[in-house]
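Taking it in order: structure first as structure tokens, then the write-up.
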Amino acid sequence: MATRRGASTIALTAGSTIAGFACVGGKLEGEGPLRSGFCQIFPDARAGQERWEQAEIEMHKSALRLALRDAGRAARDVDLFFGGDLLNQCMATSFSLRDMDMPLAGLYGACSTFALALGMAALAIDGGGARRTMAAASSHFCSAEKQFRFPLEFGGQIPPSAQRTATAAGAVLLDAAPAAARRPIRVSAVTVGRVRDLGVTDANNMGAAMAPAACDTLCRFWADTGTEPADFDWILTGDLGQVGSRLLRELLQAELGPEKTAAFADAHRDGGLLLYDLDRQEVAAGGSGTGCSAAVLCAKVLPEMEAGRLRRVLFVGTGALLSVVSPLQGESIPGVAHAVELQAES
């Protein structure tokens, strides 16, 4: 059974290992640095569908099917499914499961959803409630723009602090028993984040809105577990972009001091900065969206862990919890961050 360690972090004792994973992306994502890590790249944003929402559903389903195939499992083998997206009522997730016989626990944490889903999927196994679980998330630039901002036909301009919503999806299958044919990657601890709001009101600067929550969750995790930044090969945030990443380092400097902050900077990677080439691709301050960190974890981090190049990774999904109406009502943007510790066995 899972045991609580410290005020916020749950240490997993029974263990859950990653049995399969997959990610898919759109054309722009396929032109970025992680191209070789995608299992499928769609040639355009429509993914063979008539509407943007249908395209995202198709991408979400593709990631699920590919992850199941990677694990050598069928949908009926999954006891619980945790997932979400950016569309109202988690449309892409729930519609994706119409053809798959898996019990759905839909989640919403904005861009932190995949970390939340992965943590909940691991806790369900560790607590004895399931043997096999799945975690997944997706987002689509066009469907997100249509819902949160303006339809693409409007041709609106974006400031340098804005981030591009990733057209991507990722999925992971967890199993109580490690697969004999692959290096075990275990979820060893989970910190469920707390809502933090420092008054940022600019919906085009979500990195600044999310950075305080990332700082809070990281500090809670390190305090609970007795670890520090230097103990990790990578600390992956997802996704703060350029602005939020800089702000996070400033916030940590005040909490940890210069030495530990320097160690954090050495280990820190951000999904919004890994998915795209910011010098070559027009993505402003980087990537974002529910599918961004899901794709980065599945296209880059997990393959590196399987290959033995990364041993211990702290994955911190960050989310800006604005709605389609809250900015119009003058509300500030709350943020949340969920941490999942991953360890690869030698």
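Read-outs: derived from the displayed coordinates by stated rules, not from any lab. Since the model is a prediction, treat every value here as computed from it, not as a measurement. Positions of Cβ are generated from backbone atoms using ideal geometry, with glycine treated the same way; all protein chains shown enter the neighbour counts.
Treat the chain as a sphere of radius equal to its Kirkwood radius over Cα pairs and apply Stokes-Einstein at 20 °C in a medium of 1.002 mPa s; give the translational diffusion coefficient in µm²/s, rounded to a whole number. It would help to have the intermediate numbers written out before the result.
Numbers: Rh = 19.5 Å.
Roughly 110 µm²/s, to the nearest whole number.
Where does segment 3-175 land on Rg(C-alpha)/(2.2 N^0.38 Å)?
On the way: Rg = 16.6 Å, N = 173, 2.2 N^0.38 = 15.6 Å.
Computed over Cα atoms of segment 3-175, the ratio equals 1.07.
Based on DSSP H runs of at least 4 residues, each adding -39500 (n - 2.57), what is the mean residue ellipticity at 222 nm of the chain after dividing by all its residues, to the nearest 500 deg cm²/dmol? Write out the running numbers ahead of the final one.
On the way: 11 runs with 114 residues, N = 346.
The per-residue figure over the chain is -10000 deg cm²/dmol.
Quick check for me: using +1 on Lys/Arg Cβ and -1 on Asp/Glu Cβ, what's the dipole size of the chain about its Cα centre, in debye to the nearest 20? It would help to have the intermediate numbers written out before the result.
Values: 32 positive and 38 negative charges, 136 e Å.
Value, rounded to 20: 660 debye.
Provide D277, D239 in ascending order of the number of other Cβ atoms located within 10 Å of each residue's Cβ, fewest first. Each step should come with its number before you reach the end.
Details: D277 13, D239 32.
Exposure proxy ranking, most exposed first: D277, D239.
Considering amide H positions built from the backbone, and no H for Pro or chain starts, which residues 5 or more places from R164, or on another chain, come under 5 Å of its amide H?
A285, G286, G287, S288
For the chain, set up a Gaussian network in which alpha carbons nearer than 10 Å are linked by springs, and say which option among V24, V325, V195 fluctuates the most.
Evaluated over the chain, the most mobile residue of the options is V325.
Which are the unpartnered cysteines of the chain, meaning those with no other cysteine Cβ under 4.7 Å from their Cβ?
C39, C90, C111, C142, C215, C219, C292
So what's the gap between the Cα centers of segment 220-263 and segment 132-150, to the nearest angstrom?
Centre-to-centre (Cα) distance: 27 Å.
Straight-line reach from K146: which lysines have Cα under 22 Å away, leaving out those fewer than 8 places along the same chain?
Filter leaves K27, K61.
Of G30, G308, G330, which has the largest mean-square fluctuation in a 10 Å C-alpha GNM of the chain?
G330
Step through the residues of segment 252-263 one at a time and calculate ³J(HN,Hα) from phi using the Karplus curve (6.51 cos²θ - 1.76 cosθ + 1.60, θ = phi - 60°), rounding each to whole Hz and writing x for Gly and Pro.
Each residue's phi maps through the Karplus curve to give 5, 4, 6, 8, 10, x, x, 5, 6, 5, 5, 5 Hz.
Which ordering of M120, M210, M100, M59 is given by a fewest-first count of other beta-carbon atoms within 10 Å? Provide the component values of the computation, followed by the final result.
On the way: M120 20, M210 36, M100 17, M59 30.
So the ranking, lowest neighbour count to highest, is M100, M120, M59, M210.
Take each of the peptides 130-137, 158-165, average the number of other beta-carbon atoms within 10 Å over its residues, and list them starting from the highest. Show your work: numbers first, answer last.
Details: 130-137: 28.5, 158-165: 19.1.
Highest to lowest by the protection proxy: 130-137, 158-165.
Volume per residue, Å³, of the convex hull around the alpha-carbon atoms of segment 185-344? Spell out each step's value before the answer.
Details: hull volume 17.4 nm³, N = 160.
Once divided by residue count, the hull of segment 185-344 is 109 Å³.
Given the options A162, P229, S245, identify the residue whose Cα lies farthest towards the positive end of the charge dipole of segment 149-272 (+1 on Cβ of Lys, Arg; -1 on Cβ of Asp, Glu).
Checking the options against the dipole of segment 149-272, the answer is A162.
Rounded to whole Hz and in sequence order, give me ³J(HN,Hα) for segment 193-202 from the Karplus expression 6.51 cos²θ - 1.76 cosθ + 1.60, θ = phi - 60°, writing x for Gly and Pro.
Rounded to whole hertz, the list is x, 10, 5, 10, 9, 9, x, 5, 10, 7.
Take every DSSP beta bridge whose two residues both sit in the chain, then give the antiparallel share in percent to the nearest 5.
Working: 40 of 60 bridges.
Of all bridge pairs located within the chain, approximately 65 percent are antiparallel.
Report ³J(HN,Hα) in whole Hz for each residue of segment 135-145, in order, from the Karplus equation J = 6.51 cos²θ - 1.76 cosθ + 1.60 where θ = phi - 60°; Gly and Pro get x.
10, 8, 7, 8, 7, 8, 4, 6, 5, 5, 4
Stick to Cα atoms and the Kirkwood definition of Rh, then tell me Rg/Rh for segment 155-198. Write out the running numbers ahead of the final one.
On the way: Rg = 18.8 Å, Rh = 16.0 Å.
Here Rg/Rh amounts to 1.17.
If all Cα-Cα distances of segment 47-122 are sorted into 10 Å bins from 0 onward, what percent lands in each bin, rounded to whole numbers?
Here the calculated profile for segment 47-122 is 19, 53, 26, 1.
Within segment 3-175, what percent of beta bridges assigned by DSSP are antiparallel, to the nearest 5? It would help to have the intermediate numbers written out before the result.
On the way: 19 of 29 bridges.
If we restrict to bridges inside segment 3-175, about 65 percent are antiparallel.
Which one, D99, D216, D197, has the greatest fluctuation when you compute a Gaussian network model over the chain with C-alpha springs under 10 angstrom?
Looking only at D99, D216, D197, the biggest GNM fluctuation is shown by D99.
Bin by bin, in steps of 10 Å, what percent of the Cα pairs in segment 278-317 do you find, going until the bin that has the longest distance?
With a bin width of 10 Å, the distribution comes to 25, 44, 28, 3.
Taking neighbour counts of Cβ atoms within 10 Å as a proxy for exposure, in what order, fewest first, do W234, W222 appear?
Values: W234 20, W222 23.
Ordered from fewest to most neighbouring Cβ atoms within 10 Å, W234, W222 come out as W234, W222.
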